[in-house]
Structures are given as structure tokens and as C-alpha cells.
1. Greater than 20 Å separation of Cα atoms is the criterion. Which listed pairs, A:228/B:47; A:207/A:233; A:193/A:228; B:17/B:100, meet it?
2. Going by how many other beta carbons lie within 10 Å of each one, how would you line up A:196, B:83, fewest first?
3. Could you order the peptides B:55-61, A:103-109, A:227-233 from most to least packed, using the average number of other C-beta atoms within 10 Å per residue?
4. Need one value for B:36-45: mean number of C-beta atoms belonging to other chains within 10 Å of its residues' C-beta atoms.
5. Exposure proxy check: B:43, A:80, A:17 ranked by fewest other beta carbons within 10 Å?
6. Using a 10 Å cut-off on Cβ to Cβ distances, tally the other chain neighbours for every residue of A:219-230 and report the average as a whole number.
7. Go through B:13, B:94, B:44 and say which Cα lies farthest out towards the positive end of the charge dipole of region B:6-99; charges sit on Cβ, +1 for Lys and Arg, -1 for Asp and Glu.
Amino acid sequence: MTDTVSYDAVIKSLRMMKRVRNLHGAILIHEGIPLGGDTILTDAGNDGFVREVNALSSLYRNSREKVGRVLVEFDGGNIMIFLSDPFALALFFGSGVASEKVEKYGEEFLEKWADALQLEDSVLSLPLMTEKGLKETNILDDEESAEVTDDHEESVEVEAEPDSEDDAGALWDDFRVRTENLFSKVLGRAQAKRFIERELTALGVEKGNHLSVSQFRPFGERLIKRVKDRTVKKQLELELVSLVGEFTK
Amino acid sequence: MTIKNYSVVEIRNDSVKSVAGDSSERIRSRFAREAESLQERAMLIGKAIGMTAVVSVAVSKEKGGIAFRFARDSGEDFDAKGILVEGDSPNVSSLLKVLK
């Protein structure tokens, strides 16, 4: 990925799709970190789900098989997951919605945002399989396909990413130190450092690894969610937005 | 275009029996190995979001796919039914549909 993207428009569109298509939930994950979405899960449930999706993705990454989609049906609901490194899109739906339709909704969503997310074609459209073989079918009629009238025209801000892995690492180190400084205002310095380490470990980011610039904001938001005092939370939020802004200008 | 490299299997008492398509030992072993890992991962995903029983799982890959579903009732003469596709990459909904 040579560019990073402001994901606000993508997340807004995802939430819109969830509402319009009567899904139970939708979440977009980037390099193992939730960028945003709308689910009925608790924070712990969301974290656990994202962790398990990462584990599922790793299962195939280790065997060097490229996985496109996963559908899991449970007795109380279903999940369709689209895997396209570095992204994963998960759609939660009930038995009242056909999985073919959800697969199509996901395809349409990813096609719509393919350029912004820089997705490969392989994940976008797969043929249907019938007992007689493969068949290309549009399962949605035109009227239904036209239902989504949300922000197609919304612009997506594309920004240059650091040239090398070293630069990306340096940016992360800088961001991390400044985030520690920020949280040191309300915690002790050592406590702030441990707090950030703990959150990174929970996300599966090992020592020596770093987050990319596009992940700074969701990571910061994750940290802020842990702050209980509403006034402190608001203040930290403002400062964090400003801090992230310095890295994404 | 027709999918040629596939196998439909039924699992009874931990034994994988081929019922259609390629019935080779390689295919049956591969299915058993992959389905076992997938079942475990699906259960952990379910646990994370408060779901208890996995009904079915389907995965489409760049070159192939796998799906299985558990028997719905005692009227079905198997514990689980599955399909393994090699080469072609069908979508996940239709993989499961073939098993229903």
C-alpha cells in the first residue's frame, strides 16, 4: 500500500449499508485493528471477535493459501467475512437474510471502495457454484441494487505514506512517545507506558512491530475508550485528534 | 465453465467417506485436516461473540474452497457433510448451497 486513506467516508458508508440492508452488524478491520463499524457487541466482544478473525486469517496466511471469504453460520446468527490483506470486512446477519444477498452486499461495498482501500480484484467478485457447475448470476434485481443511495460522491482524502519501513517505524515511535506524554497527564509516566504496551499486546502487535499512520487514530480512540472520567476523556480526545492530525497532514 | 476438481464427503464417526467427485485418500485427508482447523476457529469466533453452536462453515480461497455443515437431525445419516474444491474459486454461499 503506497497511500493511506482517511477512512471516515468508508466507515460512514459501511454503517449506512448495515442499516439499509438490515444487517445485525458490520465492521471493517485494518491490519488486525478495527477501523470502525456498527455492531451490537460490547467492546470486549468486538476485541475478541477481531482477535479470532486475525487468528483465522493467520491460519491460511501460514499455509500461504490466499483466502477470499469465510461464511460461518451459528444457531443464533451468521457472519460473512471478506479477507483481503490488509483489510477484513465482517458482516453479521440473521436467518431472515439470505447469505447470497449478504455476499453480494459485501461485494458491492468492496467494489465501491476498492480504489480507496486499494483492494485486489480477486476478492471482489467470485462466481456462483451450482450443482451443474459455475454460473455468473446477479441475485439482486435492479430495484434492490439501487436501494443504497448514500454517499457515493463523498470524497476520500488520500495522503502519502512514508517511503520506507524505517520511516514508518520512526513515525510510530514518535507517535507512541507523544501519546505516552498525553496519557502521562492523567496517569504516571510508567503507568501510561504500560497502558499502551498492554493495549498493543491485546491487539497482537508484538514488541518491535509498529502501527501504520492510518491506524494511529483508531488506536488512540481505543486508548481513550478506557478512560472513565468523561471530562478527562473529552480533553484527551481533543488533544489526540490534534496529535493524529500532525501525522496525517 | 464447470468445477471439475471437487469432492463431496460425509463424515460418520470420525470417518470421511467420499460420496461424489474425487474420492482419493489425499482429498479425504485434506478435507479432514482443514475442516478440523476451521471448526475450531469457527467455535472460537462464536465464543467471542456469544454464539454457541456452529451450524456450517464455508471458505473460498484463491484456488479452491471448502465447506461443511453438521447434520440437522437424526434423519440425516451422517454427522457432517462437506465439499472440497481445488483449482476453481466459487463463492461461499453457493458452496454451502450445494450441501443443503
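Here, each number is a calculation from the coordinates, and none is a lab measurement. Remember, predicted model here, so these are calculated numbers, not experimental data. When we count neighbours, we look across all protein chains shown, and the Cβ atoms used for this are built from the backbone with ideal geometry, even at glycine.
1. Where the Cα-Cα span goes over 20 Å, the pairs concerned are A:228/B:47; A:207/A:233.
2. The order, fewest Cβ neighbours first, is A:196, B:83.
3. Result, highest mean first: B:55-61, A:103-109, A:227-233.
4. Other-chain Cβ atoms within 10 Å of each residue's Cβ, averaged: 5.
5. Arranged by neighbour count, lowest to highest, B:43, A:80, A:17 become B:43, A:17, A:80.
6. Neighbouring Cβ atoms belonging to other protein chains average 0 per residue here.
7. My answer, from the dipole projection, is B:44.
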